[in-house]
Amino acid sequence: MAEAATETPTSRDRIWNEIVRLGIEEYIADLDANGYTVIPPEIAMPKGLAERMLQACLDVAERRNGERPDFEGGSTHASMTPYQSGFDSFQTRRDRKLKLGLEKAAAYDADSPHGDLMNSILFEDAVFEEGLMNPVLLAIATYMCGYSVTLSSMGCWMRGPNRSTFNLHTDMSVPDELLGPFPFVCQCTYVLTDFDREKGATAFVPGSHKWCRQPVGDECIVPANPGDFGNPAVVPVEAKAGSLLIWHGNTWHGAYNRRAPGLRVSVANYMARDFMRTQEDLRDIIPQEMLDRHPPRFGILTQQGVAAGYRNQDDGWDKDARAEKHNAAYAKESGVRFRPKDDVYN
Ligand SMILES: O=C(O)CCC(=O)C(=O)O
Ligand SMILES: [Fe+2]
């Protein structure tokens, strides 16, 4: 496909030209048609990025959980209970289980479809900054959510063999009336171990991003085997370790359980348009040295260009001034008038 050719390129033209430069047009077509796409390792994660990111994730798990994950066998993460998985540190989980007492804790003894979700990993290793600044990830996130896109959260999903499938959902927690065709969010997931049905692939309903509604009731169920009770339109994604799996915020997705031994590891970069409330509050906690080692776009991605959320008039002025500084630096670097009136996508 040809480059966009206009005398004064809009940001739509610019991002299309970047997509052509990177040679990823076919994946954009796939994303538009199906609501998700897999960029293969040689394009998505060159220079050993996947191996380095995987090691960093195993290190994070070891630091947070106090034991090295059993990568080959998956025993440390096999059939985790819901209280073990998800949103708490290992210590918090243990405390919560103690507080709940044995009787109530039994209610948590079911098999979790999620495994261990380790949130807020950006500060854990510089490789996660590198992943965020990957030109391929940025081109697709920009295509979806504009040049002012921000990182809403970055987390590592680590899962061992388990029994439960993960229910279908969209990544937009809003009522159907608010789901439009333009993505407000997109999920950019680094696949760090092979994904297929046996290995617990992400599950998708192709084309569901166009329906602009949430799945409900039985249609949320991912059938463990073809023909089992659940949504018959679900398919497992096939992706080699080192791929970048991207989906539109409206796309219905969940996951198959992992039948193979060993760990399934991925890093989710959840990207959101800049007017949205983000999952992580990064704005005040990014150290200056971190900002200094990257071009201005890193500041935009880490919410430095967002002024909203002031506490009083003075604070509002301060936040405006900081945002303006970052936005101006980014506009100068990129030449993109990315905020606020450039075109409908931004
Ligand atoms: O486990 C998966 O593959 C899906 C995770 C998920 O729902 C997400 O990252 O938004
Ligand atoms: Fe999701």
Cross-chain or 6+ apart pairs with Cβ under 7 Å, the stretch 214-229 first and within 11 Å of Leu168 (Cβ to Cβ), then part of a helix (DSSP H, G or I) and of a type outside the set (S, T, N, Q): Gln214/Asp176
Residue ranges of strands (runs of 3 or more DSSP E) in the stretch 239-279 with at least 1 members more than 13 Å from ligand 2 (Cβ to nearest atom): 243-248, 264-272
Residue tally, condition charged (D, E, K, R) and either part of a loop (DSSP other than H, G, I, E, B) or within 24 Å of Ala141 (Cα to Cα) (or both), over the stretch 293-321: 3
Scan of the stretch 152-198 for residues that are free of Cβ contacts under 8 Å to residues at least 12 places away in the same chain and under 14 Å from Lys210 (Cα atoms), ordered by number: Glu177, Leu178
Listing of helices (runs of 4 or more DSSP H) fully contained in the stretch 65-158 that carry 3 or more residues being at negative phi and at pLDDT below 60: 90-105
Subset of the stretch 280-292 [more than 24 Å from Ala44 (Cβ to Cβ) and assigned to a loop (DSSP other than H, G, I, E, B)]: Asp281, Arg283, Asp284, Ile285, Ile286, Pro287
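Residues are listed down the side, and each one gets a yes or a no for (1) within 14 Å of ligand 2 (Cβ to nearest atom); (2) closer than 16 Å to Ala260 by Cα; (3) of a type in the set (Gly, Ala, Ser); (4) at pLDDT 95 or above:
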| residue | (1), (2), (3), (4) |
| --- | --- |
| Ser173 | yes, no, yes, no |
| Leu192 | no, yes, no, yes |
| Arg197 | no, yes, no, yes |
| Gly207 | no, no, yes, yes |
| Cys212 | no, no, no, yes |
Residue in the stretch 169-182 that is within 12 Å of ligand 1 (Cβ to nearest atom) and closer than 15 Å to Asn34 by Cβ present: yes
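The values are calculated or read from the model by the stated rules, or taken from the named source; none is laboratory data. Note that the coordinates shown come from a computational prediction; the quantities given were computed from them, not determined experimentally. Virtual Cβ from ideal backbone geometry, glycine too; neighbours counted across all protein chains shown.
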